[in-house]
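The values are calculated or read from the model by the stated rules, or taken from the named source; none is laboratory data. Quick caveat: nothing in here was measured; it's all calculated off a predicted structure. Here Cβ is always computed from backbone atoms with ideal geometry, including for glycine, and neighbour counts include all displayed protein chains. Surface accessibility is based on the protein's heavy atoms, side chains included, excluding ligands, DNA and RNA. Shrake-Rupley method; radii C 1.70, N 1.55, O 1.52, S 1.80 Å.
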Amino acid sequence: MRIVVGVSGASGIPYAVKLLENLGQNEVHLIISENAKKVMKYEMNQDPSYLSSLASYTYSDDDFTAPVSSGSFLFDAMVIVPCSISTLSKIAVGISDTLITRAAAVSIKERRRLIIVPREMPLSSIDLKNMLSLSENGVIIAPASPGFYNKPKSIDDLVSFVVSRILDLIGVKNELIKRWQD
Ligand SMILES: Cc1cc2nc3c(=O)[nH]c(=O)nc-3n(C[C@H](O)[C@H](O)[C@H](O)COP(=O)(O)O)c2cc1C
C-alpha cells in the first residue's frame with residue numbers, strides 16, 4: 001500500500017514513531033510539521049531524522065511541489081498522527097496552507113481514506129463541530145484514547161493499543177495487541 005503519514009505538533013509523537021515502525025512493508029510518504037519536530041524534542045530521546053529513516057520519502061511541510069499535494073498522485077490512505085487541533089481545524093474549514101493540510105484536502109476531495117488522530121483535552125464546541133464536519137465528509141476521527149481492558153503494563157502497551165487500531169483502520173494486519181476475546 002502507498003500511505004501518507006502526517007505528523008503535526010500535538011503531544012503524542014510516540015504514536016507516530018510506532019506507527020512508522022509497523023508500516024515497514026508499505027510505501028510511506030512522510031510529512032513532519034516544524035512544530036512536531038519541536039514537540040518530539042520534548043517527548044522523546046530521538047531526533048526527527050529517526051522518523052524519516054522509517055519512511056520511503058519525507059517532505060517538508062511547506063513543500064507544495066511534493067507528489068502528495070496533487071490528486072493525480074494516487075495513494076491508498078492518509079493518517080495524521082498526532083493531529084493538533086490547529087491542523088484539524090484548518091482541514092475542517094478547507095485551509096490548505098501546509099503540505100499536511102493540502103494532502104488532507106486532496107484525500108477528502110478524492111474520497112480517499114483519511115484517519116485523523118487528535119490529541120487534546122478537554123474539547124471545545126468549536127473542536128467538536130469541526131470533528132463532526134470532518135466525520136460527515138468521510139474522515140475517520142480516531143482519538144488517541146487507549147483502552148485499559150488489556151491491563152497495560154507500560155507506556156509502550158498504551159501506545160501499541162492506539163497504533164493497532166490505526167493500523168486496523170488503514171487495513172494493515174498487525175499483532176500489536178491481544179484482541180478482545182481472541
Ligand atoms: C510540548 C507541546 C505540546 C503540545 N501539545 C498539543 C496537543 O496535545 N494538542 C494540540 O492541539 N496542540 C498542542 N500543542 C500546540 C501545537 O504545537 C500548536 O497549536 C501548533 O501551532 C501546531 O502546529 P501544526 O499543527 O502545524 O504542527 C503543543 C505544543 C507544545 C510545544
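Per-structure values
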quantity: Which numbered condition ASN150 misses (of (1) in a loop (DSSP other than H, G, I, E, B); (2) within 18 Å of the chain's Cα centre (by Cα)); calculated: (2)
quantity: Close pairs (9 angstrom Cβ cut-off, 6 or more residues apart or separate chains): more than 14 Å from VAL68 (Cβ to Cβ) in the range 1-15, within 14 Å of the ligand (Cβ to nearest atom) and acidic (Asp, Glu) anywhere; calculated: SER8/ASP61; GLY9/GLU34; ALA10/GLU120; SER11/GLU43; SER11/GLU120; GLY12/GLU43; ILE13/GLU43; PRO14/GLU43
quantity: Residue within the range 37-45 that is of a type in the set (Ser, Thr, Tyr) and touching a strand residue (DSSP E or B) at 6+ places or on another chain (Cβ under 7 Å) present; calculated: no
quantity: Of all residues in the range 15-51 being polar (S, T, N, Q) and loosely packed, with under 14 Cβ neighbours inside 10 Å, the one that is farthest from the chain's Cα centre (by Cα); calculated: ASN45
quantity: Enumeration of residues in the range 81-94 that are in a helix (DSSP H, G or I), surrounded by fewer than 24 Cβ atoms within 10 Å (Cβ to Cβ) and within 11 Å of the ligand (Cβ to nearest atom); calculated: ILE85, SER86, SER89, LYS90
quantity: Residue under evaluation MET78, criteria (1) modelled with pLDDT of 95 or more; (2) within 22 Å of ASN174 (Cα to Cα); (3) part of a loop (DSSP other than H, G, I, E, B), criterion not met; calculated: (3)
quantity: Subset tally (residues that are away from the ligand (no atom under 16 Å from the Cβ) and either over 23 Å from ILE155 (Cα atoms) or in a strand (DSSP E or B) (or both)) for the range 19-51; calculated: 5
quantity: All positions within the range 53-66 that are surrounded by fewer than 16 Cβ atoms within 10 Å (Cβ to Cβ) and away from the ligand (no atom under 16 Å from the Cβ); calculated: SER53, SER56, TYR57, THR65
quantity: Qualifying residue in the range 2-18 (condition: at pLDDT below 95 and either part of a strand (DSSP E or B) or more than 9 Å from the ligand (Cβ to nearest atom) (or both)); calculated: no
quantity: Residues being surrounded by 11 or more Cβ atoms within 10 Å (Cβ to Cβ) and part of a loop (DSSP other than H, G, I, E, B) - total across the range 159-174; calculated: 3
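For (1) touching a residue at least 12 places away in the same chain (Cβ under 8 Å); (2) open to solvent by 40 Å² or more (accessible area, probe 1.4 Å), each residue gets a yes or a no:
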{"site": "SER69", "(1), (2)": "yes, no"}
{"site": "SER96", "(1), (2)": "no, yes"}
{"site": "ILE115", "(1), (2)": "yes, no"}
{"site": "GLU120", "(1), (2)": "yes, yes"}
{"site": "SER125", "(1), (2)": "no, yes"}
